[in-house]
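Below you'll find the structure, written out as structure tokens, and then a few comments.
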Amino acid sequence: MLNRPQLITYADRFAGDLRGVAQMLRGPLAGAFGGVHVLPFFVPIDGADAGFDPADHTTVDPRVGDWDDIVDLASDHEVMADLIINHVSDESEQFTDWLARGSDSPFDGMFLTLSSVFPDGAPEAALAAIYRPRPGMPFTKVATADGSTRMAWTTFTSRQIDIDIESEPGRDYLESIVQAFERGRVSLVRLDAVGYAVKRAGTSCFMIPETFEFIGEFAERCRRGGMEVLVEIHGHHVDQIEIASRVDLVYDFALPPLVLDAIYRGTSAVLRRWYEIRPNNCVTVLDTHDGIGIVDVAADPSDRTRPGLLDDAQVADLVAGIHRRSGGTSQLATGAAASNLDIYQVNCTYYEALGRDDLAYLIARLIQVFTPGTPQIYYVGLLAGTNDLELLGSSGVGRDINRHHYSPFELNADLDRPVVRALLALLRWRCRHSELFDADFSVTDGDDATLGLVWSDQDREANLSVDLRGPTFRLEIREGESTTVIDSIDGLISLDGSDG
């Protein structure tokens with residue numbers, strides 16, 4: 001994986017379709033990104049979970065393009081695609097055929113049910129031990145053609161049917177997707193919801209030893225096809241460190257809430273501690289198509305003896321701070337306030353979480369860009385987007401508050417805003433100097449109100465110093481005998497016209 005910034009975007013919500021994404025990357029965004037993570041572009045892009053419930057995982061939704069468009073994108077950018085491991089749509093050919101034909105279906109055995117995991121019945125304690133990212137039990141009644149009722153395993157929503165990835169039809173299904181990715185020149189595979197893919201009676205059914213074994217085997221299959229694997233797991237930070245030691249790449253999901261905490265409280269103490277223990281084979285994010293993760297920095301919800309990076313009071317203050325700075329709009333999209341409940345995250349754009357403060361927002365992005373790993377920038381975050389209350393109101397889905405559909409007029413207007421121009425200039429500078437960010441990294445000594453992050457090699461040094469009491473920043477870039485100092489939004493914009 002190239003250590004250059006990546007764009008995260010839906011094909012339809014940012015630039016209309018896949019060709020539009022390519023035009024943006026080669027036009028207004030030229031030089032800012034070395035790769036692009038195109039969020040699910042399969043049939044359909046607008047199902048029950050915005051594409052994360054594929055009915056046909058091997059076909060590009062014709063409304064956004066075809067596989068030739070993915071191949072074209074891959075000609076000059078690394079392309080990441082989602083492989084949704086855990087489930088398919090209840091409208092998929094496989095599931096509907098099984099409902100209609102039962103044991104005569106070629107897909108018999110592909111789908112998990114309560115009885116397939118608990119053949120001897122499920123005692124209360126075993127059900128209570130199941131880890132789930134939504135409230136309630138992960139089962140949905142489904143009616144078969146012969147009139148019987150089955151309890152399908154549905155980890156996320158009732159429309160997303162869990163796959164038995166250990167069954168022959170389940171393995172064949174996943175192999176068909178890998179082969180489609182190979183043909184489409186996908187170079188990075190994001191394993192979505194893989195932590196829930198293996199179920200065993202009497203366990204949490206989340207990141208159990210068999211899950212690690214599956215991830216290792218499946219990642220090796222992807223590598224044989226020339227693809228690296230990114231594992232998407234939200235969970236306790238100690239588990240994240242353990243997972244990182246076993247896979248190619250993980251997300252640093254602790255970074256987004258810790259950066260907010262540092263700016264809110266004016267202290268770098270917890271963030272510094274995270275730099276001491278965090279894995280470095282990371283993709284760094286501040287925002288994604290999901291909400292701002294809280295479980296990643298909190299105490300383990302299934303084992304309260306494992307403390308979080310933040311204590312309970314600090315977590316509560318963090319959530320309250322997001323709600324306050326967003327003018328209460330994030331509360332409309334979080335928890336019981338919206339459907340498709342997310343119990344371990346806050347739904348809000350990152351720009352809103354920082355009170356629409358351009359300087360604070362760019363400081364957060366500077367910290368992200370200087371943190372070891374490959375930075376990914378979500379399309380709404382790239383444009384410093386605000387909470388989309390209209391979309392939230394029409395869909396009732398909490399995460400839609402951060403999934404805006406941009407019109408060409410909005411794109412042009414936002415690209416001209418100083419905060420966006422500064423961010424793009426920073427990303428272009430980061431792309432030009434990607435080798436420096438593979439060199440030596442250090443966190444400088446200082447008091448808790450400051451944070452210093454330094455990258456250096458023999459001839460160059462980039463030194464970011466943040467005073468969290470403002471917040472303010474100072475970026476000092478040294479190349480040979482030349483030194484450039486930047487401490488303002490205009491200064492960041494000037495990076496577009498310099499070699500610094």
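The values are calculated or read from the model by the stated rules, or taken from the named source; none is laboratory data. Keep in mind the model is a prediction, meaning the values are calculated, not measured. Quick reminder, even Gly has a Cβ in these numbers, built from the backbone with ideal geometry, and neighbours come from all protein chains shown.
From the list 231, 198, 178, the one residue that fits, being in contact with a Ser or Thr (Cβ under 9 Å, 6 or more places away or on another chain) and among the β-branched types (Val, Ile, Thr), is 198. Identify the residue in the range 31-62 that is touching a residue at least 60 places away in the same chain (Cβ under 8 Å) and of a type in the set (Gly, Ala, Ser) and, among all such residues, is surrounded by the fewest Cβ atoms within 10 Å (Cβ to Cβ). Of everything passing the filter in the range 31-62, 31 is surrounded by the fewest Cβ atoms within 10 Å (Cβ to Cβ).
Looking for something in a loop (DSSP other than H, G, I, E, B), of a type outside the set (D, E, K, R) and surrounded by 22 or more Cβ atoms within 10 Å (Cβ to Cβ) - is there at least one such residue anywhere in the range 66-76? No. In the set (1) assigned by TED's automatic domain parsing to the domain that holds residue 227; (2) in contact with an Asp or Glu (Cβ under 9 Å, 6 or more places away or on another chain); (3) within 26 Å of residue 166 (Cα to Cα), residue 64 fails one condition alone, (3).
All of 492, 468, 427 fail the test of being assigned by TED's automatic domain parsing to the domain that holds residue 282 and modelled with pLDDT of 95 or more, apart from 427.
Residue-wise test of (1) of a type in the set (Ser, Thr, Tyr); (2) touching a residue at least 12 places away in the same chain (Cβ under 8 Å); (3) farther than 27 Å from residue 215 by Cα.
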residue: 86; (1), (2), (3): no, yes, no
residue: 100; (1), (2), (3): no, yes, yes
residue: 103; (1), (2), (3): yes, no, yes
residue: 107; (1), (2), (3): no, yes, no
residue: 114; (1), (2), (3): no, yes, no
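Note on the range 10-54: residues that are of a type in the set (S, T, N, Q) and either out of contact with any helix residue (DSSP H, G or I) (no Cβ under 9 Å at 6 or more places or on another chain) or outside the structural domain of residue 417 (by TED's automatic domain parsing) (or both) amount to 0. Exactly one residue out of 268, 204 is among the polar types (S, T, N, Q), in the same structural domain as residue 354 (by TED's automatic domain parsing) and surrounded by fewer than 18 Cβ atoms within 10 Å (Cβ to Cβ): that is 204. The residues of the range 41-61 that are in a loop (DSSP other than H, G, I, E, B) and closer than 19 Å to residue 155 by Cα, listed by number, are 47, 48, 49, 50, 51, 52, 53, 54, 55. Within the range 1-40, the only residue that satisfies the criterion of being part of a loop (DSSP other than H, G, I, E, B) and acidic (Asp, Glu) is 17. Every condition in (1) in a loop (DSSP other than H, G, I, E, B); (2) at pLDDT below 95; (3) exposed (fewer than 15 other Cβ atoms within 10 Å of the Cβ) holds for residue 106 except the one numbered (2).
Among the numbered conditions (1) farther than 30 Å from residue 79 by Cα; (2) charged (D, E, K, R); (3) loosely packed, with under 15 Cβ neighbours inside 10 Å, the only one that residue 172 does not meet is (1).
When we screen 421, 417, 399 for residues that are touching a residue at least 60 places away in the same chain (Cβ under 8 Å), out of contact with any strand residue (DSSP E or B) (no Cβ under 7 Å at 6 or more places or on another chain) and more than 30 Å from residue 270 (Cβ to Cβ), the only hit is 421.
Of the residues that make up the range 359-373, is at least one polar (S, T, N, Q), in contact (Cβ under 8 Å) with a residue 12 or more places away in the chain, crowded, with 22+ Cβ neighbours inside 10 Å and out of contact with any Cys (no Cβ under 9 Å at 6 or more places or on another chain)? Looking through the range 359-373, at least one residue is polar (S, T, N, Q), in contact (Cβ under 8 Å) with a residue 12 or more places away in the chain, crowded, with 22+ Cβ neighbours inside 10 Å and out of contact with any Cys (no Cβ under 9 Å at 6 or more places or on another chain). I need the full set of residues from the range 289-332 which are surrounded by 24 or more Cβ atoms within 10 Å (Cβ to Cβ) and among the polar types (S, T, N, Q), in order please. Result: 326, 330.
Look at (1) assigned to a loop (DSSP other than H, G, I, E, B); (2) within 30 Å of residue 1 (Cα to Cα) and you find that residue 132 fails only one, number (2). Only one of the listed residues (470, 480, 446) is under 13 Å from residue 364 (Cα atoms) and surrounded by fewer than 15 Cβ atoms within 10 Å (Cβ to Cβ). That residue is 470. Residue 162 satisfies every condition listed in (1) at pLDDT 95 or above; (2) surrounded by fewer than 22 Cβ atoms within 10 Å (Cβ to Cβ); (3) charged (D, E, K, R) except (2). Look at the range 473-494 and say how many of its residues are more than 22 Å from residue 435 (Cα to Cα) and of a type outside the set (Gly, Ala, Ser). Counting residues in the range 473-494 that are more than 22 Å from residue 435 (Cα to Cα) and of a type outside the set (Gly, Ala, Ser) gives 4.
Here's the yes/no breakdown for (1) at positive phi; (2) in the same structural domain as residue 126 (by TED's automatic domain parsing); (3) assigned to a helix (DSSP H, G or I); (4) not aromatic (Phe, Trp, Tyr):
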{"site": "286", "(1), (2), (3), (4)": "no, no, no, yes"}
{"site": "308", "(1), (2), (3), (4)": "no, no, no, yes"}
{"site": "318", "(1), (2), (3), (4)": "no, no, yes, yes"}
{"site": "359", "(1), (2), (3), (4)": "no, no, yes, yes"}
{"site": "366", "(1), (2), (3), (4)": "no, no, yes, yes"}
{"site": "372", "(1), (2), (3), (4)": "no, no, no, yes"}
{"site": "380", "(1), (2), (3), (4)": "no, no, yes, yes"}
{"site": "384", "(1), (2), (3), (4)": "yes, no, no, yes"}
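Those helices (runs of 4 or more DSSP H) of the range 166-270 in which at least 2 residues are within 20 Å of the chain's Cα centre (by Cα) and touching a residue at least 12 places away in the same chain (Cβ under 8 Å), considering only elements entirely within it, cover 209-224, 237-244, 255-265.
Taking (1) assigned to a helix (DSSP H, G or I); (2) modelled with pLDDT under 95 in turn, residue 298 satisfies each apart from (1).
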